[in-house]
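The structure appears right after this line, and notes come after that.
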Amino acid sequence: MQEYSSQAAYDRGEAVCVIGAGASGLIAVKNLRENGFEVDCYERDTVLGGLWNPQNQHSPLYPNTHLVTSRSQTEIPDFPMPDDWPDYPSAAQMLTYLTSYAKHFGLSEHIWYGSEISHVEPVDGSRFEVVVKPAAGNAARRLRYAAVIIATGHHWSPNLPSYPGLDQFRGTVLHSSQLKDPSRLRGKHVLVIGGGNSGADIACEAAVNAASCVHSVRRGSRHLPKYLGGEPADYALARLNSRPKFLRRFLTDRLLKGPESLAARMGVTAESRPSEEEPVRNGRYMEHVGDGSIQRRGEVARFDGFDVSFADGTEMRPDLTVLATGYRPKFTSVEPRLLGIEGDSPYPNLYARMFSPRKETLAVAGLVEPGVGVLPIVHWQTHAIAHWLLVRKSDPERAANFRLQVRSESEQDAGEPAGTSPRHRLAVDAEVYLASLGRIIDTLEQEPAK
Amino acid sequence: MSLAAWVRRARTPAPAPVKREYAFFEPADLFDMDIKDDPEASPVLCCTGDPAGAAAFNALWLKRIATSGRYAAAVSVRGQGGTPIAEGGLEARAHDIVQAAVTVPRQAVLIGHKEGAAWAALAAGRYPAAGLVLVSPQKVPKQPPTPVGNPSVLLVVAESETQTKETQAVADAYGIAPLTFAGSPDDVFKGAGAEGLLDAILSWLASKKD
Ligand SMILES: Cc1cc2nc3c(=O)[nH]c(=O)nc-3n(C[C@H](O)[C@H](O)[C@H](O)COP(=O)(O)OP(=O)(O)OC[C@H]3O[C@@H](n4cnc5c(N)ncnc54)[C@H](O)[C@@H]3O)c2cc1C
Ligand SMILES: NC(=O)c1ccc[n+]([C@@H]2O[C@H](COP(=O)([O-])OP(=O)(O)OC[C@H]3O[C@@H](n4cnc5c(N)ncnc54)[C@H](OP(=O)(O)O)[C@@H]3O)[C@@H](O)[C@H]2O)c1
């Protein structure tokens with residue numbers, strides 16, 4: 001440890017360290033404090049809100065980003081969004097919402113901005129020494145905590161594909177997170193690569209702003225409109241889950257019949273079963289394919305000078321290529337092994353998708369793609385983590401039983417990654433995962449046997 | 001709020017939104033040099049079953065609460081005071097309270113009077129109130145939801161109500177003993193009885209650690 005300042009670490013006793021002040025970090029701070037913990041939250045940027053804040057250096061927001069999940073399915077369970085907001089709020093509203101959440105619960109006074117955590121080291125059994133990288137010039141600070149919650153997000157390190165000739169390509173290539181300004185599309189011949197939500201949204205922006213738009217996808221994916229049967233689609237589908245099983249299938253098929261036949265007509269077919277991966281949620285996309293303002297193509301084969309060739313033998317000369325190829329999870333501060341990261345894969349293997357398999361007092365919040373709103377899931381995750389830390393302190397015997405339960409919950413969930421692409425390693429079936437979280441919370445909240 | 005309760009609610013149609021009447025008074029509005037906004041003191045949000053709604057708190061309550069250094073607000077639920085009538089029963093009214101609570105600048109204490117106490121009790125099952133004060137409660141469900149975030153709860157009733165079933169049931173549900181105030185449960189907005197009641201609530205608020 002000599003690489004860090006030789007000063008002794010400042011011991012913060014029973015306090016908990018939260019890394020990141022995005023949505024997940026804020027919810028973690030609030031729920032830990034509600035359960036009586038002292039909390040220090042470290043944010044490497046100078047602002048809160050994480051990816052919803054355009055001032056965050058790593059913000060992936062692109063022109064006109066709106067939620068793809070509807071308000072009622074996205075809001076934090078104990079802090080609803082204003083009910084006069086639209087069904088699908090904008091990124092700016094999302095930031096307003098998170099800012100008022102932080103203000104309402106007095107979270108800011110627990111956040112240290114401009115404080116990147118560069119290292120988290122287990123010490124003394126279950127405690128951690130945390131190293132705060134100095135913003136400018138000063139020595140690194142070291143502090144000790146009883147527990148650490150990592151809420152650093154997984155949408156800030158671009159996943160960049162490699163193609164023959166891409167390095168020498170003469171045209172402009174940007175990752176979706178670098179696009180920012182809509183005027184960049186205006187009048188251009190645009191190629192968008194990648195068929196996730198970012199790719200579909202940006203193709204739609206290009207459809208109305210650019211001179212032309214080609215959208216290249218390497219495989220089919222499931223598309224949902226933003227409304228189904230007159231209701232926000234995620235809400236309409238979630239509601240069916242409270243119907244008896246035999247009816248559910250029938251009702252779901254009936255609701256999806258129209259959109260599915262439209263997708264088929266446009267040549268967009270899914271390769272996976274529903275719930276195995278996040279759907280693309282976009283009401284405009286098919287219309288643009290239908291009126292020709294988005295031309296769909298298959299996979300890119302190579303880049304050459306100013307030209308791009310596709311696997312089907314066609315070519316084009318784009319003014320601007322947008323790589324909407326998603327993100328890779330990246331954990332910079334903690335030894336991968338502690339998160340169950342093995343080999344070359346960047347994907348952690350956590351108990352119940354949140355607890356470190358190695359350290360009882362280390363957890364991750366928000367590392368799931370549930371295909372529904374992420375914030376409510378994080379609310380229940382951090383609720384569980386806070387209760388876990390309480391039980392662990394007060395009742396070691398129950399804590400041990402609980403670990404066993406969580407392990408078995410995780411084993412049911414483990415096995416093969418869902419979906420067909422590595423990115424779906426984070427995908428969970430929200431219905432199944434919430435049920436599992438519910439069981440975990442029930443066990444933790446049971447009155448201890450006296 | 002349990003996870004199961006949230007799942008159920010997220011899958012139930014939300015009450016129709018209404019434009020809610022909301023009255024508030026801040027310590028600074030008193031123009032009194034001696035009264036300072038206390039940043040440590042939780043704001044207060046009041047509601048009553050009285051049809052006047054938020055306006056009922058204008059005569060005395062809001063100013064008086066602000067005098068103690070707290071941001072003071074009151075809301076009219078659907079069909080009350082200046083808030084239009086809209087569909088929905090108890091649940092929708094609790095929704096109105098929660099919607100008002102999240103617009104209060106900081107985590108708020110909920111004070112409910114008469115039927116308003118029932119709405120506040122339900123609201124506290126979804127929103128982590130900084131405290132819950134039930135004044136002469138009426139129509140509180142037999143098993144009110146466990147308040148989120150474990151706030152302290154105060155039950156205050158008129159002397160004439162101490163022995164009623166209603167009072168007993170609420171006291172039992174929250175495991176607390178009622179405090180009493182002199183005067184009638186319908187006459188809490190002005191007069192000597194109201195002053196005494198407010199004193200009791202404010203000193204409880206000041207004593208509870210939040
Ligand atoms: C374009 C886009 C649109 C989306 N739309 C939706 C949607 O419609 N609905 C939905 O539910 N979800 C959506 N999501 C998912 C989104 O990830 C979640 O809504 C949520 O914002 C995730 O928050 P987070 O706090 O986990 O991560 P982030 O918002 O990324 O926050 C992480 C924070 O940690 C900080 N940090 C990182 N490393 C360190 C370190 N070492 N030390 C200190 N601080 C650090 C970062 O600066 C950042 O502030 C979308 C994602 C993207 C990319
Ligand atoms: N408006 C919104 O609310 C909104 C908007 C954007 C994103 N999001 C969320 O943010 C997250 C990230 O979304 P995203 O769309 O940026 O990324 P994503 O969902 O990971 O999608 C990436 C896309 O790029 C493709 N791709 C990846 N590597 C490739 C390669 N080497 N060659 C060709 N194609 C490649 C993927 O294809 P494969 O499927 O074959 O891997 C996929 O179609 C998601 O959770 C998403 O829901 C939300």
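The values are calculated or read from the model by the stated rules, or taken from the named source; none is laboratory data. Every value quoted in this text rests on a predicted model; they were computed, and no experiment measured them. Every residue, glycine as well, gets a Cβ built from its backbone with ideal geometry; the counts of neighbours run over all protein chains shown. For the accessible areas, the whole protein counts, side chains as well, though only heavy atoms, and no ligand, DNA or RNA atoms are used. Shrake-Rupley method; radii C 1.70, N 1.55, O 1.52, S 1.80 Å.
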Selection from segment A:372-425 of residues that are at pLDDT 85 or above and touching a Pro at 6+ places or on another chain (Cβ under 7 Å): A:376, A:377, A:379, A:395, A:398
Residue ID - least open to solvent (accessible area, probe 1.4 Å), chosen from residues in segment B:33-49 that are farther than 30 Å from residue A:85 by Cβ and touching a residue at least 12 places away in the same chain (Cβ under 8 Å): B:35
Those residues of segment A:207-252 which are within 13 Å of chain B (Cβ to nearest Cβ) and among the aromatic types (Phe, Trp, Tyr), in sequence order: A:235
Selected residue (criterion: most open to solvent (accessible area, probe 1.4 Å)) from residues of segment A:42-68 that are more than 6 Å from ligand 1 (Cβ to nearest atom) and under 20 Å from residue A:17 (Cβ atoms): A:46
Filter pass, residue A:190 being open to solvent by 50 Å² or more (accessible area, probe 1.4 Å) and away from ligand 2 (no atom under 11 Å from the Cβ): no
Qualifying positions in segment B:1-29 - at the interface with another protein chain (Cβ under 9 Å from one of its Cβ atoms) and among the hydroxyl-bearing types (Ser, Thr, Tyr): B:2, B:12
Verdict on residue A:161 being more than 14 Å from chain B (Cβ to nearest Cβ), part of a loop (DSSP other than H, G, I, E, B) and within 11 Å of ligand 1 (Cβ to nearest atom): no
Single match in A:134, A:182, A:158, A:164 (criterion: more than 16 Å from ligand 2 (Cβ to nearest atom) and not hydrophobic (A, V, I, L, M, F, W, C)): A:134
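To keep it simple, each residue is scored yes or no on (1) outside any strand (DSSP E or B); (2) more than 16 Å from ligand 2 (Cβ to nearest atom); (3) within 14 Å of chain B (Cβ to nearest Cβ).
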residue: A:329; (1), (2), (3): yes, no, no
residue: A:332; (1), (2), (3): yes, yes, no
residue: A:338; (1), (2), (3): yes, yes, no
residue: A:345; (1), (2), (3): yes, no, no
residue: A:353; (1), (2), (3): yes, no, no
residue: A:359; (1), (2), (3): yes, yes, no
residue: A:372; (1), (2), (3): yes, no, yes
residue: A:378; (1), (2), (3): yes, no, yes
residue: A:384; (1), (2), (3): yes, yes, yes
In segment B:163-189, the residues that are out of contact with any Gly (no Cβ under 8 Å at 6 or more places or on another chain) and within 25 Å of residue B:38 (Cβ to Cβ): B:179, B:188, B:189
Residue within segment A:73-92 that is more than 14 Å from every other protein chain (Cβ to nearest Cβ), buried (at least 17 other Cβ atoms within 10 Å of the Cβ) and farther than 23 Å from residue B:8 by Cα present: yes
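Residue by residue, here is whether (1) touching a strand residue (DSSP E or B) at 6+ places or on another chain (Cβ under 9 Å); (2) more than 16 Å from ligand 1 (Cβ to nearest atom) holds:
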site	(1), (2)
A:337	no, yes
A:357	yes, yes
A:364	yes, no
A:371	yes, no
Considering residues of segment A:267-297 that are away from ligand 1 (no atom under 16 Å from the Cβ), modelled with pLDDT of 95 or more and not in a helix (DSSP H, G or I) only, the residue surrounded by the most Cβ atoms within 10 Å (Cβ to Cβ): A:294
Criterion (open to solvent by 40 Å² or more (accessible area, probe 1.4 Å), away from ligand 1 (no atom under 16 Å from the Cβ) and not in a loop (DSSP other than H, G, I, E, B)) met by exactly one of A:309, A:261: A:261
